[in-house]
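Q: Before anything else, here's the structure in question.
Bear in mind that the values in this text are calculations on the coordinates, not laboratory data. Please read these numbers as outputs of a predicted model, since none were measured by experiment. For neighbour counting, all protein chains shown are included, and Cβ atoms are generated from backbone atoms with ideal geometry for every residue, glycine included.
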Amino acid sequence: MDDGELIRRAIEVRERAHAPYSSFTVGAALLAPDGRVFAGCNVENRNFAITLCAERNAVFQAVAAGVRRIAVLAVVSGPGASMCGACRQVVREFADGDSRLLLADAAGRFRERRIDDVLPDSFGPEGLGVDPPWRA
Ligand SMILES: [Zn+2]
């Protein structure tokens with residue numbers, strides 16, 4: 001799957017976001033190493049503390065299906081915003097140095113990053129002496 005198709009999947013799922021409080025809709029599409037795609041949108045709640053971001057939604061669906069490594073993660077929002085801190089840490093758990101992060105705007109224009117770009121000097125499984133999930 002090419003980058004454009006993955007971003008289109010993120011644009012499609014963004015349309016299903018539940019964001020009545022912020023109106024900031026986000027879609028994410030995760031390409032697993034085996035070619036499967038997992039899409040997630042943000043799901044807000046009246047209790048803002050339990051709102052779930054699109055990126056974590058997609059990652060958790062992938063993990064529930066047995067995926068342990070992100071090959072490519074496309075994230076689409078109106079302005080092409082980057083990920084929040086919580087999502088960066090979750091992505092860090094399943095991204096290695098080769099995992100590609102595509103941060104796209106609503107028109108599909110994107111910039112590419114790696115986990116070390118968006119979360120330098122990060123805390124990961126290695127910090128606890130545990131193999132990262134993609135190596136286990
Ligand atoms: Zn987030």
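Q: Restricting the search to the stretch 13-33, which residues are buried (at least 21 other Cβ atoms within 10 Å of the Cβ), touching a residue at least 40 places away in the same chain (Cβ under 8 Å) and away from the ligand (no atom under 12 Å from the Cβ)?
A: Within the stretch 13-33, VAL13, ARG14, GLY27, ALA29, LEU30, LEU31 meet the criteria.
Q: Quick one: which residue in GLN89, GLN61 is more than 14 Å from the ligand (Cβ to nearest atom), polar (S, T, N, Q) and out of contact with any Lys or Arg (no Cβ under 9 Å at 6 or more places or on another chain)?
A: GLN61
Q: Still on this structure, please answer the following. Does ARG36 count as in contact with a helix residue (DSSP H, G or I) (Cβ under 9 Å, 6 or more places away or on another chain), more than 12 Å from the ligand (Cβ to nearest atom), more than 24 Å from PRO125 (Cα to Cα) and among the charged types (D, E, K, R)? Step through it out loud before you land on a result.
A: Numbers: in contact with a helix residue (DSSP H, G or I) (Cβ under 9 Å, 6 or more places away or on another chain): yes; more than 12 Å from the ligand (Cβ to nearest atom): yes; more than 24 Å from PRO125 (Cα to Cα): yes; among the charged types (D, E, K, R): yes.
So ARG36 fits the description; yes.
Q: Hey, among the residues in the stretch 100-136 that are part of a loop (DSSP other than H, G, I, E, B) and within 16 Å of the ligand (Cβ to nearest atom), which one's farthest from LEU31 (Cα to Cα)?
A: Looking at the filtered set, the residue picked out is SER122.
Q: Right, next: Go through the stretch 64-81 and report how many residues are within 14 Å of the ligand (Cβ to nearest atom) and out of contact with any helix residue (DSSP H, G or I) (no Cβ under 6 Å at 6 or more places or on another chain).
A: 3
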